[in-house]
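Peer 1: Pasting a structure here, questions to come.
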Amino acid sequence: MTMPDDHGRHPESHALLDRCLQADVGWIELIKEIRSRCEMSLPEAQELALSHEGWRRWVARRLNIDPRCRKQASRHIRDHGAASFFVQRGDRIELR
């Protein structure tokens, strides 16, 4: 499943996502930046971040190597079920 591209509604968001990726900010800081600058809800900010190919790769790498990231993804699966951004496949967690 590919996340929708919300850059049309917030044209400055793509540049913001690029800058944050290059500055190596973490996920939580990224989401705070998006919410602050684009005035979005938490789910909207997460969807926007996951619509950016660079951030999708960043999250995909972190899911199975960072225990904190894995724990957050597992909680997202538990709380959101089929609507989760993630899916559990055996021992691995992947982006939808």
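Peer 1: Ordering VAL25, VAL59 by how much accessible area each has at a 1.4 Å probe, largest first, what is the list?
Peer 2: VAL25, VAL59
Peer 1: Using just the C-alpha positions of the chain as equal point scatterers, what log10 of I(q)/I(0) does the Debye formula give at each q in 0.11, 0.14, 0.20, 0.24 1/Å?
Peer 2: Rounded to two decimals, the profile gives -0.30, -0.49, -1.00, -1.37.
Peer 1: Give me the distance between the Cα centres of region 12-27 and region 64-96, rounded to whole Å.
Peer 2: Region 12-27 and region 64-96 have Cα centres spaced 23 Å from each other.
Peer 1: List residues of region 40-55, by number, whose backbone nitrogen lies under 15 Å from a label position 7 Å along Cα→C-beta of GLU12.
Peer 2: Flagged as within label range: 40.
Peer 1: Once the other residues with Cβ under 14 Å from the Cβ of ILE65 are scored (Lys, Arg +1; Asp, Glu -1), what is the net sum?
Peer 2: Neighbour charge sum, excluding ILE65 itself: +4.
Peer 1: Based solely on its DSSP helices, what 222 nm [θ] is calculated for the chain when runs of n ≥ 4 H residues each add -39,500 (n - 2.57) and the sum is averaged over all residues, nearest 500 deg cm²/dmol?
Peer 2: -18000 deg cm²/dmol
Peer 1: Report the gain in length on full extension from ASP79 to ILE28: 0.36 nm times residue separation, minus Cα-Cα distance, nm rounded to one decimal.
Peer 2: Extra length from ASP79 to ILE28 when fully extended: 16.5 nm.
Peer 1: Mind checking the per residue accessible area of the chain for me, 1.4 Å probe, whole number of Å²?
Peer 2: Each residue of the chain exposes 63 Å² on average to a 1.4 Å probe.
Peer 1: While we're here: So how much accessible area does GLU33 have, in Å² to the nearest 10, using a 1.4 Å probe?
Peer 2: Accessible area of GLU33: about 60 Å².
The values are calculated or read from the model by the stated rules, or taken from the named source; none is laboratory data. Here the structure is a predicted model, which means the values were calculated and not measured. As a convention, Cβ positions derive from the backbone with ideal geometry for all residues, glycine included, and neighbour counts pool all protein chains shown. Accessible surface is based on the protein model in full, side chains and every heavy atom, while ligands, DNA and RNA are left aside. Shrake-Rupley method; radii C 1.70, N 1.55, O 1.52, S 1.80 Å.
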